[in-house]
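Working notes, structure below.
The values are calculated or read from the model by the stated rules, or taken from the named source; none is laboratory data. Source: prediction; values computed, not measured. As a convention, Cβ positions derive from the backbone with ideal geometry for all residues, glycine included, and neighbour counts pool all protein chains shown. Quick note on the areas: whole protein, heavy atoms, side chains included, nothing else; ligands and nucleic acids left out. Shrake-Rupley method; radii C 1.70, N 1.55, O 1.52, S 1.80 Å.
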Amino acid sequence: MNPYPSFLIRTLGILIFVFGMTMSGLAQDSLQTVIAEKGDGILSLLRKQGIDPYASYDDFIAMNLDNLRDGVHLYAGREYQIPLADLNTVAIVDSIQRKTAEVKSIKTREIPILGKEHATVLIKSDRLAGTVYYLISGHGGPDPGAMGKLGGKTIAEDEYAYDITLRLARELISHGAMVYVIIRDENDGIRDERILEIDRDEVAYLNNPIPLNQVKRLKQRVDIVNRLYERHRGSYQRLIVTHIDSRSVGQNIDVFFYHHEKSKNGKKLAESIHKTFQKNYKKYQPNRVYSGTFEDRTSLYLVKKTHPAMTFIEVGNIRNKKDQRRILVHENRQALAKWISEGVLLDYEGE
Ligand SMILES: [Zn+2]
């Protein structure tokens, strides 16, 4: 009888193979790697490794491009290569490192309302330099907006609209816009959780309690935006209002865009964002038909009374099971914000 049963030989073969992989793995370890933890951003990850994050930022991006969401965000639990700090230690990476020295310094801005983990915004371009955007997330303070049930938990429209709005603010700021976040919550930054806890401590810019009465609540927003609009008279100014309580309950409509019938600029902004959604659906969700609608709805108080050209966006309805599934995932909230920002760029640059 064969003293080495075939399974043993196979096992040995596998062992050798695995060992071989480990060896090559070790060889690569001279390129330092690290596992991203939940909440890590590129800057904080590099800082934790004792590396000057600004000097190494571009290298990090270049080395890990395949592993970054939107080209800038880490995935928790994944392994990332760390650019070596010392230029002379390893010859192989020498050439990459030398390039760093020539790379321009990274520009960032600190925006505390985005939350501790997200306050540092990387300035990617100046495409929106000189523009002013007012962002209003629906409801807030004593008014949670539409409520949905999920398991035993209650979820509220205002928290999710706020999260999307902050993400949109970050995108616009990263292109050099001046952004006013009108409804604000000092202790809720951008949040990646599925369940966003409901609270009542949102205020209206800069620090006004939000009235419960609906007319007073809307009038407060209108007054704030119109006052700021006067202050920036002559600048390119736009208002974007975000809700998640569309009339589409039971229908199959993804996004509604509203504008003022008499505002050409408002219409163009709404149209541009609408177009961007169409394009992105084709690209990222080819199996789904995009069903956004785009209409004038001057009957809405905010649409009627605010002075900047504006669009009023309803990204589904938080009471819809189908919309809940989407809106609970932070990557989707980010995609919505990104798409709105792409529409904003299209609108502005198409002037
Ligand atoms: Zn609403």
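Loop only per DSSP, at most 12 neighbouring Cβ atoms within 10 Å: give me the GluC sites (Glu not before Pro) in segment 126-229, ordered by residue number.
Glu186, Glu193, Glu197
Residue by residue through segment 40-53, which ³J(HN,Hα) values in whole Hz follow from phi under the Karplus form 6.51 cos²θ - 1.76 cosθ + 1.60 (θ = phi - 60°), with glycine and proline marked x?
5, x, 4, 5, 5, 4, 5, 4, 4, 8, x, 10, 5, x
Quick one: accessible surface of His118, probe radius 1.4 Å, all protein chains present, in square angstrom to the nearest 10.
So the heavy atoms of His118 present about 40 Å² to solvent.
Provide the net charge surrounding Tyr229, with neighbours chosen by a C-beta distance below 14 Å and charges set as Lys +1, Arg +1, Asp -1, Glu -1.
Working: positive: Arg221, Arg227, Arg231, Arg233, Arg238, Lys305; negative: Asp223, Glu230.
Residues near Tyr229 contribute +4 overall.
Solvent-accessible area per residue for segment 213-351 at a 1.4 Å probe radius, Å²?
About 48 Å² of surface per residue is accessible.
Using θ = phi - 60° and the Karplus curve 6.51 cos²θ - 1.76 cosθ + 1.60, what whole-Hz ³J(HN,Hα) does each residue of segment 312-318 get, with Gly and Pro shown as x?
Here the 3J(HN,Hα) series is 10, 10, 10, 8, x, 9, 5 Hz.
Non-local amide H neighbours of Tyr180 (under 5 Å, H modeled in plane, Pro and chain starts lacking H): which ones?
Excluding prolines and chain starts, which carry no amide H, the hits are Tyr133, Tyr134, Leu135.
Collect residues whose amide H, placed 1.01 Å from N in the peptide plane, falls under 5 Å from the amide H of Tyr236; neighbours closer than 5 in sequence don't count.
Hits under the 5 Å cutoff: Val132.
Can you work out the Karplus-derived ³J(HN,Hα) for every residue in segment 138-143? Use 6.51 cos²θ - 1.76 cosθ + 1.60 with θ = phi - 60°, whole Hz, and x for glycine or proline.
Couplings: x, 6, x, x, x, 10 Hz.
Can you give me the long-range amide H partners of Leu150? Hydrogens built in the peptide plane at 1.01 Å from N, cutoff under 5 Å, separation of 5 or more residues or another chain.
For Leu150, whose amide H was placed from the backbone, the distant partners under 5 Å are Ile155.
What part of the accessible area of segment 182-273, given as a whole %, is carbon or sulfur when the probe is 1.4 angstrom?
For segment 182-273, the apolar C and S fraction of the accessible surface comes to 47 percent.
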